[in-house]
Amino acid sequence: QVQLVESGGGLVQAGGSLRLSCTASRNIFSLNSMGWYRQAPGKQRELVAIITDTSRDITNYADSVQGRFTISRDNAKNTMYLQMNNLKPEDAAVYYCNAKTWDKSSLSYVHSWGQGTRVTVSS
């Protein structure tokens, strides 16, 4: 497994920006995928953005954030980022960092999660 620590959440006005960071305990280049999920009160956790191939930076975004959010990574810092622009009240949630790795002993993928960072957007 990978230990993940998120930071960067906070309170922002609608239309504002925040950048979330997720620092991993190991080289992120070797991960199968790395992404951001969010969970709002009373709702299921949903995918926000993901780097599906960390060696080639293939990314995917939820339709609701396409064009406003950008996922990126810095291998040297073992850190992934989520730049969030033009935030809307509906973006308010706890944001979680996720990493998927292949476990050779169990021959299965293992998902690791951070503790979450809260984003609040005031209208």
Among residues of segment 73-106 being hydrophobic (A, V, I, L, M, F, W, C), more than 30 Å from residue 14 (Cβ to Cβ) and in a strand (DSSP E or B), the residue least open to solvent (accessible area, probe 1.4 Å) is 99
Of the conditions (1) in a loop (DSSP other than H, G, I, E, B); (2) loosely packed, with under 12 Cβ neighbours inside 10 Å; (3) touching a Lys or Arg at 6+ places or on another chain (Cβ under 7 Å), the single one that residue 109 does not satisfy is (1)
Output yes when any residue across segment 44-57 is in contact (Cβ under 8 Å) with a residue 40 or more places away in the chain, surrounded by fewer than 14 Cβ atoms within 10 Å (Cβ to Cβ) and in a strand (DSSP E or B), and no when none is.
no
### Qualifying residue in segment 26-33 (condition: within 19 Å of residue 117 (Cα to Cα) and open to solvent by 10 Å² or more (accessible area, probe 1.4 Å))
no
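The values are calculated or read from the model by the stated rules, or taken from the named source; none is laboratory data. All values derive from a computational prediction rather than experimental measurement. Neighbour counts are summed over all protein chains in view; Cβ atoms, including those assigned to glycine, are modelled from backbone coordinates with ideal geometry. Heads up: the accessible areas ignore ligands, DNA and RNA and are worked out on the full protein's heavy atoms, side chains in. Shrake-Rupley method; radii C 1.70, N 1.55, O 1.52, S 1.80 Å.
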